[in-house]
């Protein structure tokens, strides 16, 4: 049985046991772990995070974190619109949450809405200056808009950023491989 299948099976067993014994808090620890584990496949993380969100046991920053984790899983799974909704909810719960802003910027970049992505990356970097993926995402968005001088001035680079597939997707990665001409 694959690791993902085993986790899902274990999750089901723990939930059944919790229902039988009336201990929902213990059952939720597996879902919390599954929600935060970025090595899990996006679909599995979505399921785990949804259980955490719907449990009613979390509020404020902890609930915002679950929305960010599920939002990123939606974005990775090819549905940035659902991801953006979750990032918006996280920001409602915890305004100026750097992770939510940076990940929402990535979701907008995947939708090729680079202007909006840059606004979110700027806000993320204001809230949390050490979020390196916000800086990388902003640089990639500048490149996609043909604003190479802005990115170079900020990053001190001479070549367009080597975009990682996990940030903007294979079509943008392919454009970046062709250099500045491919990004226009």
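We did not get these values from a lab; they are worked out from the coordinates using the rules stated. Treat the numbers as computed from the prediction; the structure is a model and nothing was measured. Neighbour counts are summed over all protein chains in view; Cβ atoms, including those assigned to glycine, are modelled from backbone coordinates with ideal geometry.
The table below gives the values:
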{"item": "Protection proxy ranking of 71-77, 33-39 - average other beta-carbon atoms within 10 Å, highest first", "result": "71-77, 33-39"}
{"item": "Estimated distance in nm for a label pair at residue 116 and residue 59, the labels positioned 7 Å out from Cα along Cα-to-Cβ", "result": "3.1 nm"}
